[in-house]
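The values are calculated or read from the model by the stated rules, or taken from the named source; none is laboratory data. Not measured: the values here are computed from a predicted model. A quick note on method: Cβ atoms are made from the backbone with ideal geometry, for glycine too, and the neighbour counts reach across all protein chains shown. All accessible areas refer to the heavy atoms of the entire protein, side chains included, with ligands and DNA or RNA removed. Shrake-Rupley method; radii C 1.70, N 1.55, O 1.52, S 1.80 Å.
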Amino acid sequence: TQGNLIVGNTVATLSTSANVTLVANGSVELNAAVGNTSVTFTRVEATGPNANITTGGTSGNYVSGGNVLLAANLNVGTTAKPVFTAAANLAVNAGAGNVYVAERDNVALRDLKDDRATLVTNNAGGAYFNVSVGNGSTQGNLIVGNTVATLSTSANVTLVANGSVELNAAVGNTSVTF
């Protein structure tokens with residue numbers, strides 16, 4: 001059966017040792033903060049056939065962890081409401097949709113596995129893979145540690161940081177517009 005998961009209150013934000021795994025065979029709606037930057041990983045996954053990871057509520061609902069893994073069958077975030085993260089390492093995959101993520105400060109885009117059976121790679125099956133780093137009050141640097149959207153023949157890639165961007169791996173595919 002398909003079931004959606006709605007995060008209505010904070011999940012493990014005060015714990016400095018509890019890794020977080022939230023998996024739904026449907027969509028995940030983040031209306032409160034999840035995880036803590038002190039833990040090894042936080043994983044949010046929406047696996048159903050029309051599954052998205054979306055945000056609601058107010059700003060500041062961060063998905064936090066040393067490693068943050070976000071994977072959805074369709075979209076991760078939207079243009080109007082990206083998924084906010086606070087991570088050292090980030091892996092985002094939207095199987096048949098788009099990626100819209102806003103990272104609070106410094107982050108590296110990497111392929112990550114943690115408690116998953118298979119690796120989460122940075123890819124999108126839709127038209128866009130967007131990650132922005134930093135905001136009006138925080139400085140942010142972006143490191144591309146593993147390939148980003150190189151397997152996608154449809155996802156245009158936008159990587160923006162209000163600090164520096166360091167490219168240590170390939171980004172994008174020659175089949176896309178930008």
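Among beta bridges identified by DSSP and lying wholly in region 65-178, the antiparallel ones come to about 5 percent. On the basis of the beta-carbon distance and an R0 of 35 Å, Ser164 and Asn31 show a calculated FRET efficiency of 0.60.
Largest GNM mean-square fluctuation across Asn52, Asn106, Asn98, computed for the chain with C-alpha springs under 10 Å, falls on Asn106. For the chain, the solvent-accessible area with a 1.4 angstrom probe is 43 square angstrom per residue. Of the peptides 123-131, 4-12, the order by per-residue mean of other Cβ atoms within 10 Å, starting with the highest, comes out as 123-131, 4-12. Shown for region 14-65: the carbon plus sulfur share of the solvent-accessible area, taken with all protein chains present and a 1.4 angstrom probe, equals 46%. Highest mobility in the GNM of the chain, judged by mean-square fluctuation with C-alpha springs under 10 Å and restricted to Leu142, Leu151, Leu109, is found for Leu151.
Calculated on C-alpha atoms, the gyration radius of the chain divided by its Kirkwood radius gives an Rg/Rh of 0.94.
Can you give the local net charge around Asn52? Use residues other than it whose beta-carbon is closer than 13 angstrom to its beta-carbon, Lys and Arg +1, Asp and Glu -1. Walk me through the intermediate numbers first.
Working: positive: Lys81; negative: Glu29, Glu45.
Computed value for this residue: -1.
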